[in-house]
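The values are calculated or read from the model by the stated rules, or taken from the named source; none is laboratory data. Bear in mind the structure is a predicted one, so any value in this text is a computation, not a measurement. FYI the Cβ positions are ideal-geometry reconstructions off the backbone, even for glycines, and counts take in every protein chain you see.
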Amino acid sequence: MATNFLENDLQVEDSHICVVMVGLPARGKSLIAQKIVRYLKWLSVNAKSFNVGSYRRADTPRPTAEFFDTSNPEGERLRRAAAEAAVTDMLRWFEHENGHVGILDATNSTKARREWIKERCVAKGYDVLFVESKCDDEDLIMSNILEVKTTSPDYVGQDPELAARDFRERIRNYEKVYETVDEPDSTYVKLINVGSQVIINQVSNYLQTRIIYFTMNLHITPRSIWLSRHGESEFNVQGKIGGDASLSPRGLAYADALPELVKHSIGDKNVTLWTSTMKRTIQTARHLTYLKKQWKALDELDAGVCDGLTYEEIESKYPEDFRARDDDKYNYRYQGGESYRDVVIRLEPIIMEMERGENIMVVTHQAILRCIYAYFMNIPQDQSPWMEIPLHTVIKLTPRAYGTQEERFKANIPAVSTFRAKYTSANMGGEEGLVDEDKVLSPAATGAQVNGVVHPDEVESIVTPHHTATTPA
Ligand code: ATP
Ligand code: F6P
């Protein structure tokens, strides 16, 4: 059985961490919670967010600010019941669904509430990590309210201006009782004004450190990420995998066309360009004038003894391996080479740099782009190694409040298709067609879609254990 790097080296199977979000409303807690879940699941750590607002909405779908006034006993009772239900489900999930990192996504704004949660977790032997988001930038808070709160189901059908006013009032009610995290015996990270200041206390294990480091790298500066495979290579034309071949004449034409292909969507933005250390990505990027960096970690998945063979040759020389790979492509490791799981582990620092960075263009390889794309678009491991990432196409990803927007720009230069469907071997070399001239450079050619994470306020009001895969609660 393939082993998980984290499980293997870090004893994740023994880890149970309850991450307790803390902060006033509209401080990005749900966004941070969802990103932690996405990151950990990408690294094969079983993680899930429990959004208390979703539980509350079962009984109180459209509360006004008054509901959140702590002198309102009925509001207090219902809010406490929602928190109890979420904590109970989370503890059950740890116990029965082998959960490693559960996130309790709520304001958890008083010491008494946090003490109660901690007691319940500690009684089960689980660690508690408080992640507090503090922000006093009024303009940012207002723009958060307008961006995500006025469209929440709490305010469905309401005038956005009235909704925003009510939400401000809700925040004021929380402010009356809010207590910042400063419990000396607790493990916590305090992110102040989107990480411009960070305070860390009492960190006790490696997984907690990873989570904290990840949250420290998050930012909300608008930016995009452009992804492209290298142009068609000589090996692609011959149907061979791996190697360090040069571009084919059509691949060179793609390199020539690339500056024009990205010109409109990049404009005058400051972009850093990353390639692998292999000839075909460096050649592809050669006419782009952005600041360049080569990463060994972006080199193609190492096919070991199969490097330089066609899929047909692999099937006839190593039939058992060929079959085993298709049975479980994510975990299968080529003899003397790598699996997709191995690639994800070596890409982790790249993902961290991408989270920290701003506009980045990455020119790399099929398997590598599948893993990077899977991270941003939240694609499960059984699907990611089978995704079609065509040659001669730029994918632009733009992180939004609760998802990633995708646009595709296809160059009008044909290339072979390197996609191979499960349990087949003979489809390398198939041609990808030319695109309609009118549609070249137009995102509308393939449409833009938002994916990756889900708006917590769009999930059903009460969340059953079956809604775990992509919903935050
Ligand atoms: P609520 O308590 O109402 O559920 P919340 O704290 O969970 O609110 P989110 O729903 O996550 O807030 O708010 C998302 C908005 O917060 C987005 O517009 C996002 O850009 C912004 N945001 C993300 N991170 C931060 C941060 N660290 N500080 C302030 N705003 C942030
Ligand atoms: O065929 C192009 C290529 O980049 C190979 O070098 C690499 O082995 C392969 O794609 C990865 O795709 P898959 O995992 O589907 O074999």
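Search region 116-151 for residues being over 12 Å from residue 18 (Cβ atoms) and touching a helix residue (DSSP H, G or I) at 6+ places or on another chain (Cβ under 7 Å), and hand back the single one that is farthest from ligand 1 (Cβ to nearest atom). For region 116-151, the residue satisfying everything is 150. Filter region 204-234 for residues that are without any contact (Cβ under 8 Å) to a residue 40 or more places away in the chain and within 29 Å of residue 311 (Cβ to Cβ) and give the result. Correct list: 234 only.
Using the structure shown, decide if residue 139 is closer than 23 Å to residue 111 by Cα and not basic (Lys, Arg).
Considered against the rule, which asks whether it is closer than 23 Å to residue 111 by Cα and not basic (Lys, Arg), residue 139 comes out as no.
Does residue 267 satisfy being surrounded by fewer than 17 Cβ atoms within 10 Å (Cβ to Cβ), on the phi > 0 side of the Ramachandran plot and not polar (S, T, N, Q)? Yes.
Assigned to a strand (DSSP E or B) and more than 15 Å from ligand 2 (Cβ to nearest atom): which single residue out of 273, 261 fits that description?
Answer to the selection: 273.
When 27, 80, 62 are checked against the criterion of being in a loop (DSSP other than H, G, I, E, B) and away from ligand 1 (no atom under 14 Å from the Cβ), 62 stands alone in meeting it. Against the conditions (1) modelled with pLDDT of 95 or more; (2) at negative phi; (3) in contact with a Lys or Arg (Cβ under 8 Å, 6 or more places away or on another chain), residue 166 satisfies every one except (3).
Summed over region 148-182, the residues that are of a type in the set (A, V, I, L, M) and outside any helix (DSSP H, G or I) give a count of 2. Report whether or not residue 355 is in the same structural domain as residue 292 (by TED's automatic domain parsing), within 16 Å of ligand 1 (Cβ to nearest atom) and within 30 Å of residue 268 (Cα to Cα). In short, yes. Taken together, the residues in region 57-73 that are touching a Phe, Trp or Tyr at 6+ places or on another chain (Cβ under 8 Å) and over 16 Å from residue 24 (Cβ atoms) amount to 2.
Scan 200, 212 and give me the residue that is among the hydrophobic types (A, V, I, L, M, F, W, C) and either more than 30 Å from residue 128 (Cβ to Cβ) or out of contact with any helix residue (DSSP H, G or I) (no Cβ under 9 Å at 6 or more places or on another chain) (or both).
The match here is 212.
Of note, residue 139 does not satisfy the criterion of being touching a strand residue (DSSP E or B) at 6+ places or on another chain (Cβ under 6 Å) and of a type in the set (D, E, K, R).
Yes or no: residue 7 at pLDDT below 95, in a helix (DSSP H, G or I) and either under 29 Å from the mean Cα position of the chain (by Cα) or not basic (Lys, Arg) (or both)? When the stated conditions are applied, residue 7 passes them.
Kindly indicate whether residue 320 is of a type outside the set (Lys, Arg), closer than 18 Å to residue 421 by Cα and either more than 15 Å from ligand 2 (Cβ to nearest atom) or outside the structural domain of residue 384 (by TED's automatic domain parsing) (or both).
So residue 320 fits the description; yes.
Taking the criterion of being basic (Lys, Arg) and either crowded, with 21+ Cβ neighbours inside 10 Å or within 16 Å of residue 231 (Cα to Cα) (or both), the residues of region 407-424 that qualify are 408, 410.
Pull out all pairs, ordered by first then second residue, where Cβ-Cβ is under 6 Å, the residues are six or more apart or on different chains, the first lies in region 137-156 and is away from ligand 2 (no atom under 16 Å from the Cβ), and the second is of a type outside the set (Gly, Ala, Ser) and assigned to a helix (DSSP H, G or I). Here the result reads 145/167; 149/167; 150/160; 152/457; 153/457, each pair linking region 137-156 to a residue that is of a type outside the set (Gly, Ala, Ser) and assigned to a helix (DSSP H, G or I). Can we say residue 118 is surrounded by fewer than 22 Cβ atoms within 10 Å (Cβ to Cβ), out of contact with any Cys (no Cβ under 7 Å at 6 or more places or on another chain) and either modelled with pLDDT under 95 or under 20 Å from residue 401 (Cβ atoms) (or both)? The answer is no for residue 118. When residues in region 218-258 are screened for being away from ligand 2 (no atom under 16 Å from the Cβ) and of a type outside the set (S, T, N, Q), 14 of them pass. Considering region 272-298, and only residues there that are more than 20 Å from residue 253 (Cβ to Cβ) and surrounded by 21 or more Cβ atoms within 10 Å (Cβ to Cβ), the residue that is nearest to ligand 1 (Cβ to nearest atom) turns out to be 274. Of all the criteria given as (1) touching a residue at least 12 places away in the same chain (Cβ under 8 Å); (2) assigned to a helix (DSSP H, G or I); (3) surrounded by 15 or more Cβ atoms within 10 Å (Cβ to Cβ), the one not satisfied by residue 325 is (1). Among residues that are of a type outside the set (Val, Ile, Thr), in contact (Cβ under 8 Å) with a residue 24 or more places away in the chain and assigned to a helix (DSSP H, G or I), residue 188 is not included.
Would you confirm whether any residue within region 170-185 is within 16 Å of ligand 1 (Cβ to nearest atom) and in contact with a Cys (Cβ under 9 Å, 6 or more places away or on another chain)? Within region 170-185 (the criterion being within 16 Å of ligand 1 (Cβ to nearest atom) and in contact with a Cys (Cβ under 9 Å, 6 or more places away or on another chain)), the answer is no, since none of the residues qualifies.
Determine whether residue 312 is more than 10 Å from ligand 2 (Cβ to nearest atom), over 20 Å from residue 227 (Cα atoms) and either surrounded by fewer than 16 Cβ atoms within 10 Å (Cβ to Cβ) or in the same structural domain as residue 385 (by TED's automatic domain parsing) (or both). Explain how you work it out, then say what you get.
Values: more than 10 Å from ligand 2 (Cβ to nearest atom): yes; over 20 Å from residue 227 (Cα atoms): yes; either surrounded by fewer than 16 Cβ atoms within 10 Å (Cβ to Cβ) or in the same structural domain as residue 385 (by TED's automatic domain parsing) (or both): yes.
Spelling it out, residue 312 is indeed more than 10 Å from ligand 2 (Cβ to nearest atom), over 20 Å from residue 227 (Cα atoms) and either surrounded by fewer than 16 Cβ atoms within 10 Å (Cβ to Cβ) or in the same structural domain as residue 385 (by TED's automatic domain parsing) (or both).
Of 145, 200, which residue is surrounded by 14 or more Cβ atoms within 10 Å (Cβ to Cβ), in a helix (DSSP H, G or I) and under 26 Å from the mean Cα position of the chain (by Cα)? Outline the logic, then answer.
On the way: 200 fails: in a helix (DSSP H, G or I).
When all the criteria are applied, what remains is 145.
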